[in-house]
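For reference, the structure discussed in these notes is given below.
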Amino acid sequence: MSLITLVDFNWHGDDRGSLVSLESHRNIPFDVQRVYYMYNTQPEVTRGYHAHKNLQQVLIAINGSCTITLDDGSTKDSVELSSPRQGLLLGSHLWREMSNFSTDCVLLVLADQHYDESDYIRDYDAFLDYISA
Ligand code: TYD
C-alpha cells in the first residue's frame, strides 16, 4: 500500500488567474492550528529527517516543486509536489525527508497542532523503536 495520499483541491480559475481555498473539515481533514512555509531552500539541501507522534499535516507546493519521501519503517515512497492545486496528507508515525527543492519552491504546511518539540522523533532508530512498541 502506498504511503502517498494526495488530495486534489478545487481550482477557481478564470481569466484573472487562479484561486484555491483551504478549509478545515472541508478539504483539510482537521482543525488547522498552525501554518508554516519553507522557501529559499537551497537545491542541494535535504530537510525533515523526523517523524511525529501525533501531528497531522498537509503539504502543498504553492510554487515550484520538491520531493517528499515517506517511510513507515518498512516501506518508502516518494512523490514530487509541483502543483498548488494538490496537497499531500501526512499522518504521524511517518519518517519524512524533503529534497530536490526548486529555487522558487514555496512549501506550505498546514498542521493540526501548535509547534511542540516533544511531538518530534528526530532519531531514525528511535522512530523504529517507537512504531514497533
Ligand atoms: P526543523 O524542525 O529543523 O525543520 P525541518 O525538520 O522541516 O527541516 O525546524 C527549523 C527550526 O524552526 C527549528 O528551530 C524549529 C523551528 N520551528 C518553529 O519554531 N515552529 C514551527 O512550526 C516549525 C515547523 C519549526
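For the stretch 13-35, does any single residue satisfy the condition of being assigned to a strand (DSSP E or B) and within 16 Å of the ligand (Cβ to nearest atom)? If you could, list the steps in order and put the result at the bottom.
Step one: filter the stretch 13-35 for residues assigned to a strand (DSSP E or B), giving 14, 17, 24, 28, 34-35.
Subsequent filtering for residues that are within 16 Å of the ligand (Cβ to nearest atom) retains 34-35.
Looking for residues that are assigned to a strand (DSSP E or B) and within 16 Å of the ligand (Cβ to nearest atom), one finds at least one in the stretch 13-35, hence yes.
Cβ-Cβ below 7 Å, separation at least six or inter-chain, first residue in the stretch 31-54 and on the phi < 0 side of the Ramachandran plot, second at pLDDT 95 or above and surrounded by fewer than 13 Cβ atoms within 10 Å (Cβ to Cβ): which pairs?
Q33/H114; R34/H114; R34/Y115; P43/T103; H50/R122
Could you list, in sequence order, all residues of the stretch 84-133 that are acidic (D, E) and away from the ligand (no atom under 16 Å from the Cβ)? Before the answer, list the steps.
Keep residues of the stretch 84-133 that are acidic (D, E), which gives 97, 104, 112, 116-117, 119, 123, 125, 129.
Correct list: D104, D125, D129.
Inspect the stretch 76-83 for any residue being away from the ligand (no atom under 14 Å from the Cβ), more than 12 Å from the chain's Cα centre (by Cα) and surrounded by 16 or more Cβ atoms within 10 Å (Cβ to Cβ) and give the result as yes or no.
There is at least one residue in the stretch 76-83 that is away from the ligand (no atom under 14 Å from the Cβ), more than 12 Å from the chain's Cα centre (by Cα) and surrounded by 16 or more Cβ atoms within 10 Å (Cβ to Cβ).
The values are calculated or read from the model by the stated rules, or taken from the named source; none is laboratory data. As the structure is a prediction and not an experimental result, all values here were calculated from the model. Backbone-built Cβ (ideal geometry, glycine too); neighbour counts: all protein chains shown.
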